[in-house]
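The values are calculated or read from the model by the stated rules, or taken from the named source; none is laboratory data. The model shown is predicted, which means the values in this text are computed figures rather than measured ones. Note that we place each Cβ from the backbone using ideal geometry, even for glycine, and neighbour counts take in every protein chain shown.
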Amino acid sequence: MNSLDRIQKIIKVFKILTNIAMIFAYVCAGLLVVTAILMANNSSYELISGSAPKMFAELDRNKTIAELLCDFVVCLTDGLLLTFTQLYLKHELADGTPFTNKGANEVKSLGIRIIILPLVAIGIISAICATFNAELPDTMSNELSISFGIALIIISIIFRYGSELESKVNGNSDMKQGEQFES
């Protein structure tokens, strides 16, 4: 088994794991928004709080709704990032190699999205907390996504270089497919 075959097997495993995580993120996002809607609806809230009055006695309804909506934004953002990852993995498996200009462009775009989408989510979460007069969650750090995004952008450069080397060795080019080389 050569290195490319190993890479493809690893990509297949990552594609399956990404699909599972993506579905989980969207299901969680759906459950969170439904729960927030039920909490915001007076008749639903009274029905729920009436079934367990001690549990709901110390509950601040507005802060709970804000927390649910903030978690919804996080899950939705994760789902979107996993969807973009899933698309890249699908295209990589179809190409049979990560060393294509198209693949390098997709990895670079994914890296940029991994940097930007969490920042947008933090902005939305800040607006939700301000609207409901709630405190910002403590876990709003973005260093990991920025680091991972930068790593993906660097990996895209490596993939592009591999594509160029492969083109030189094989005497053909990905650019024949109408793609522009971006530096």
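Mind listing whichever residues of segment 62-104 are among the small types (Gly, Ala, Ser) and either under 20 Å from the mean Cα position of the chain (by Cα) or within 25 Å of LEU165 (Cβ to Cβ) (or both)?
Of everything in segment 62-104, those that are among the small types (Gly, Ala, Ser) and either under 20 Å from the mean Cα position of the chain (by Cα) or within 25 Å of LEU165 (Cβ to Cβ) (or both) turn out to be GLY79, ALA94, GLY96, GLY103, ALA104.
Pull out all pairs, ordered by first then second residue, where Cβ-Cβ is under 9 Å, the residues are six or more apart or on different chains, the first lies in segment 132-155 and is in contact (Cβ under 8 Å) with a residue 40 or more places away in the chain, and the second is part of a loop (DSSP other than H, G, I, E, B) and loosely packed, with under 14 Cβ neighbours inside 10 Å.
ALA134/ASP60
Just give me the residues in segment 159-183 being at pLDDT 75 or above, surrounded by 14 or more Cβ atoms within 10 Å (Cβ to Cβ) and either touching a helix residue (DSSP H, G or I) at 6+ places or on another chain (Cβ under 6 Å) or of a type in the set (Gly, Ala, Ser) (or both), in sequence order.
Once the filter is applied, which keeps residues that are at pLDDT 75 or above, surrounded by 14 or more Cβ atoms within 10 Å (Cβ to Cβ) and either touching a helix residue (DSSP H, G or I) at 6+ places or on another chain (Cβ under 6 Å) or of a type in the set (Gly, Ala, Ser) (or both), segment 159-183 yields PHE159, ARG160, GLY162, SER163, SER167.
Pick out the one residue from PRO118, PRO98 that is in contact with a Phe, Trp or Tyr (Cβ under 7 Å, 6 or more places away or on another chain) and at pLDDT below 95.
When all the criteria are applied, what remains is PRO98.
Would you check if LEU38 is within 26 Å of the chain's Cα centre (by Cα), at pLDDT 85 or above and in a helix (DSSP H, G or I)?
Judged against the criteria, LEU38 is not a match.
Is there a residue in segment 16-32 that is of a type in the set (S, T, N, Q), at pLDDT 95 or above, touching a Ser or Thr at 6+ places or on another chain (Cβ under 6 Å) and at negative phi?
The answer is yes; a qualifying residue exists.
For segment 131-158, which positions are outside any helix (DSSP H, G or I) and surrounded by fewer than 13 Cβ atoms within 10 Å (Cβ to Cβ)?
ASN133, GLU135, ASP138, THR139, SER141 - these are the residues of segment 131-158 that are outside any helix (DSSP H, G or I) and surrounded by fewer than 13 Cβ atoms within 10 Å (Cβ to Cβ).
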